[in-house]
Structure formats: C-alpha cells, structure tokens
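Data block below; observations after.
The values are calculated or read from the model by the stated rules, or taken from the named source; none is laboratory data. Bear in mind the structure is a predicted one, so any value in this text is a computation, not a measurement. For neighbour counting, all protein chains shown are included, and Cβ atoms are generated from backbone atoms with ideal geometry for every residue, glycine included.
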C-alpha cells in the first residue's frame with residue numbers, strides 16, 4: 001500500500017513557534033512539516049534543544065503556534081476551538097518521552113545477565 005493510500009491522522013504544515021517579542025524573540029521551530037498516518041509509529045529525533053518537545057507541545061495545544069497549521073483528522077486543532085473538540089484531542093493525542101537513562105540501564109542489565 002502506498003503512503004498516499006493511508007489515512008492521515010495528524011498533519012503539521014509549515015509550523016513555526018516563536019517565544020518572546022522584540023529583542024527577546026526566539027524562534028524555536030521554523031517551517032516544520034510532516035504527516036502521521038494511521039497505524040504508523042512516529043518518532044521525532046534530534047539533538048538537545050532542536051525543538052522536538054516544542055513540536056509535541058504545539059500539537060498537544062500547550063505551546064501557541066506562531067505560523068502554520070496543525071490538523072487532526074483534517075480539522076484544525078490550534079487556536080480557539082470548541083470545548084468538545086479540545087477534550088477529544090486531549091484524550092486521543094499523547095506524547096511518550098523516552099528516558100535515555102532507563103534505556104541504557106535496560107541494555108546494561110541485559111548484558112550483565114548474559
């Protein structure tokens with residue numbers, strides 16, 4: 001099956017997130033776009049400070065979007081939206097953070113056990 005045949009659950013289009021104003025303005029995310037398809041496992045990878053968490057927080061409606069669009073099932077989920085839509089998004093979209101120390105520890109434990 002081609003990716004274009006799959007249902008798009010989340011679509012991020014030209015996302016930009018800017019914190020502060022004037023001299024204190026900081027662009028955390030600049031023109032990021034991607035799609036997450038139904039049944040797909042999606043991960044954002046990058047170095048510390050690259051904006052991974054800021055992207056997730058924008059999708060979760062925690063960080064305000066400066067520019068661009070975030071769509072869930074084809075409907076906008078940024079800015080002012082109806083309470084029932086906000087409640088559904090809060091229930092259905094979640095971020096899972098990897099604890100790098102726990103990951104290393106599991107590998108170490110496995111190695112020690114062998």
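Values computed for the structure shown
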read-out: Every residue from the stretch 59-114 that is over 24 Å from residue 38 (Cα atoms), assigned to a helix (DSSP H, G or I) and at pLDDT 65 or above; value: 83
read-out: Residue 58 being more than 25 Å from residue 87 (Cα to Cα) and in contact with a strand residue (DSSP E or B) (Cβ under 8 Å, 6 or more places away or on another chain); value: no
read-out: Test result for residue 29, part of a strand (DSSP E or B) and in contact with a helix residue (DSSP H, G or I) (Cβ under 6 Å, 6 or more places away or on another chain); value: yes
read-out: Close pairs from the stretch 32-52: first closer than 18 Å to residue 11 by Cβ, partner in a loop (DSSP other than H, G, I, E, B) and at pLDDT 90 or above, Cβ under 8 Å, at least 6 apart; value: 32/51; 37/7; 38/7
read-out: Subset tally (residues that are under 17 Å from residue 91 (Cβ atoms), free of Cβ contacts under 8 Å to residues at least 24 places away in the same chain and surrounded by 12 or more Cβ atoms within 10 Å (Cβ to Cβ)) for the stretch 60-79; value: 1
